[in-house]
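Peer 1: Once you've had a glance at the structure underneath, I'll fire off some questions.
The values are calculated or read from the model by the stated rules, or taken from the named source; none is laboratory data. Predicted model, so just to flag it, every value in this text is computed and none were measured. Positions of Cβ are backbone-derived with ideal geometry, glycine not excepted, and every protein chain shown enters the neighbour counts. Protein only, heavy atoms only, side chains kept; ligands, DNA and RNA dropped before computing areas. Shrake-Rupley method; radii C 1.70, N 1.55, O 1.52, S 1.80 Å.
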Amino acid sequence: SFQFLHARVLVPAMAVLLVFGGVSTTAAAQGSLPGQFLYPVKISINEAIEVALATTPVAKAEVSLKQAVRRVEEAEVLASRGELTAETGEKLAANFEVHAENASELAGKVAALEAR
């Protein structure tokens, strides 16, 4: 009986810790910059979630544009600190291009739908 009760309390408690731990990690990652430990979380998880939550082509275009602007802002912050390397600049530029192309493509689709 004690083991069953212990498992009934422990399992939900562990689940809550994992969820909130993941949420706090992704929140902390949001302000990270290239070269920092949480930056991959920001790029691969946070930004994927932003795209997934955008349900319309307009919203998806806005998210892509916001992510492109974010790359420029990251480059500006690193440059102001004297930490922008050629390699990091190239990666940010490539990532910017991907987001800008996505935004442009989605904007074209929206325009085509509105023209109907």
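Peer 1: Residues that are open to solvent by 80 Å² or more (accessible area, probe 1.4 Å) and over 20 Å from Thr26 (Cα atoms): which helices (runs of 4 or more DSSP H) entirely in the range 39-116 hold 3 or more of them?
Peer 2: Answer list for the range 39-116: 57-81, 86-115.
Peer 1: Please go through (1) modelled with pLDDT under 90; (2) surrounded by 12 or more Cβ atoms within 10 Å (Cβ to Cβ); (3) of a type in the set (A, V, I, L, M, F, W, C) for Leu33 and return the number of the only condition it doesn't satisfy.
Peer 2: So Leu33 meets the others, but not (1).
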